[in-house]
Amino acid sequence: MPDEFKQPRRAHSRATGPALDPAISVFINCPFDPDYVPLFEAIVFACVSCGFVPRSSLESGTTSQPRLERIVAAIFTSDYSIRDLSRCRGEGDEKLARFNMPLELGMAMARRYSTSHKKKTRHDWLVLVPQQHSYIKYISDLAGFDAKPHDGTQKGVVENVVSWLATRGNPTFTPTNPKQVMKCLPRFHAKMKNLKGRWGQEVPWADMIQAARQVVPAP
């Protein structure tokens, strides 16, 4: 077989799935529209740079399993989750907002406050919101939590994600800081561009995580 058609051995997508240790798993629940892709990739890279394993409903690809089942499975096998409420405002001619993320945040909160076990199930979350966001007006129960505003830039989300993971008290945290992550982020974007050149927009999740691990900041 010609060299240009040879592919390196790659991990199966389920290598990033439920078999992983929940203590280092971070479920990312963010918009999937084209405008958000650079921020989504920045969040993924920030998590990997901190020594955690990102999880997503995308990790199993397109399957017969309903998306909501995949989301619930990822939430209940991850000790952490990150959610961005950026799209919870009126859009388009009908001014409709998207409320999938608040719905799924409720599922994560239900896991934390579950009484089905002798003690509360461990789960911690970071809520990201755009600056000047009025989420408190329609999700008043979040008023007691410190949602982190960002300016819609990669730097903004990276600073929030890295500082949050650094303060979780998790012994697996890899010492790094937002400046180091931002310095290496362009290399990750370059690898993602290369992967998309081969796969299109449906890059296998395992390949994405592997690309991030190859360029993370040195501890």
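The values are calculated or read from the model by the stated rules, or taken from the named source; none is laboratory data. Keep in mind that what you see is a predicted model, and the values were worked out from it rather than measured. Every residue, glycine as well, gets a Cβ built from its backbone with ideal geometry; the counts of neighbours run over all protein chains shown.
Observations on the model:
- Residue 144 being over 18 Å from the mean Cα position of the chain (by Cα), surrounded by fewer than 16 Cβ atoms within 10 Å (Cβ to Cβ) and modelled with pLDDT under 80: yes
- Selection within the range 164-215 - among the aliphatic types (A, V, I, L, M) and loosely packed, with under 13 Cβ neighbours inside 10 Å: 190
- In the range 29-67, the residues that are within 15 Å of residue 203 (Cβ to Cβ), buried (at least 22 other Cβ atoms within 10 Å of the Cβ) and either at pLDDT below 80 or of a type in the set (Val, Ile, Thr) (or both): 44, 48
- Counted residues, the range 173-219 - those being out of contact with any Leu (no Cβ under 7 Å at 6 or more places or on another chain), touching a residue at least 60 places away in the same chain (Cβ under 8 Å) and among the charged types (D, E, K, R): 2
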